[in-house]
Amino acid sequence: MSFNNNLDQLYRQVIMDHYKNPRNRGVLSEDTVTINMNNPTCGDRIQLSLKVEDGKVVDAKFEGEGCSISLSSASMMTQAIKGQPIEHALKLSHIFSDMMQGKDYDDSIDLGDMEALQGVSKFPARIKCATLAWKAMEKGLRNQSEAE
Ligand code: FES
């Protein structure tokens with residue numbers, strides 16, 4: 001019981017840290033894929049810019065307005081995919097989606113801070129907040145690989 005409480009508290013701290021000190025906030029200027037996406041349930045929005053070279057996400061930044069869940073998730077997502085091959089970024093997105101749906105997910109990959117959001121799966125109304133940035137990333141990378 002106290003273990004769970006401590007873990008919840010730790011996760012909450014990780015989420016608030018990403019919300020208050022977002023990683024990779026901003027807009028990339030050149031040679032980028034830009035994706036705008038909004039959460040239809042609340043109207044909050046995110047703009048994601050990705051720089052992809054030789055099948056790798058070499059840089060990622062985001063801007064937008066939203067709740068602590070959506071913006072911390074965007075911060076964690078950009079942190080997780082930077083420097084990764086496209087396939088790995090898409091795989092992380094798949095794992096994150098499974099986690100949000102409360103399914104068993106592939107735990108062979110270290111998810112780092114992303115794990116702090118796993119409790120969101122218990123709050124269906126917030127799942128779209130957590131997946132907004134990931135959906136934008138998937139869209140951008142799929143468009144990019146189709147264009148190549
Ligand atoms: Fe709008 Fe979470 S309430 S993104």
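Computed with a 1.4 Å probe over protein heavy atoms only, the accessible area of GLU65 comes to about 100 Å². Per residue, the accessible area of the chain comes to 54 Å², computed with a 1.4 Å probe over protein heavy atoms only.
Rounded to the nearest 20, the Cβ-based charge dipole of segment 54-103 about its Cα centre (Lys and Arg +1, Asp and Glu -1) stands at 140 debye. Note on HIS88 and GLU146: with the Förster distance fixed at 30 Å, the Cβ-Cβ geometry gives a FRET efficiency of about 0.95.
Among THR41, THR32, THR131, the residue with the largest mean-square fluctuation in a Gaussian network model of the chain, with springs joining Cα atoms closer than 10 Å, is THR41.
Candidates TYR105, SER145, LEU48 compared by Cα position along the dipole of the chain: farthest toward the positive end lies LEU48, with charges placed on Cβ. In segment 1-60, the convex hull through the Cα atoms has an average projected area of 6.6 nm², a quarter of its surface area. Distance between the 7 Å Cα→Cβ label points at SER29 and LYS122: 4.6 nm. For segment 92-148, the dipole from Cβ point charges (+1 on Lys and Arg, -1 on Asp and Glu) about the Cα centre works out to 460 debye, to the nearest 20.
Taking the 1.4 Å solvent-accessible surface of the chain as the whole, the part contributed by carbon and sulfur is 47%. Give me log10 I(q)/I(0) at q = 0.15, 0.19, 0.20 Å⁻¹ for the chain, Debye formula, one equal scatterer per alpha-carbon, no solvent. Summing over Cα pairs of the chain leads to -0.72, -1.15, -1.27. What does the C-alpha gyration tensor say about the overall shape of segment 85-139? Classify as rounded when a/c is under 1.5, otherwise prolate if a/b is larger than b/c, or oblate. Note, shape of segment 85-139 comes out oblate.
Share of pairwise Cα-Cα distances greater than 12 Å in segment 67-107 is 63 percent (whole percent). PHE123 contributes an accessible area of around 120 Å² to the protein surface, as traced by a 1.4 Å probe with all chains present. Taken about its Cα centre, the chain carries a charge dipole of roughly 540 debye when the Cβ of each Lys and Arg holds +1 and the Cβ of each Asp and Glu holds -1.
Sequentially through segment 126-138, phi angles give Karplus couplings (6.51, -1.76, 1.60; θ = phi - 60°) of 9, 4, 5, 4, 6, 8, 3, 5, 5, 5, 4, 4, 4 Hz, Gly and Pro residues having no value and appearing as x.
The values are calculated or read from the model by the stated rules, or taken from the named source; none is laboratory data. As the structure is a computational prediction, the values presented were derived from the model and not from experiment. Here the Cβ is made from the backbone with ideal geometry for all residues, glycine too, and neighbour counts use every protein chain on show. Accessible surface areas use protein heavy atoms only, side chains included; no ligands, DNA or RNA. Shrake-Rupley method; radii C 1.70, N 1.55, O 1.52, S 1.80 Å.
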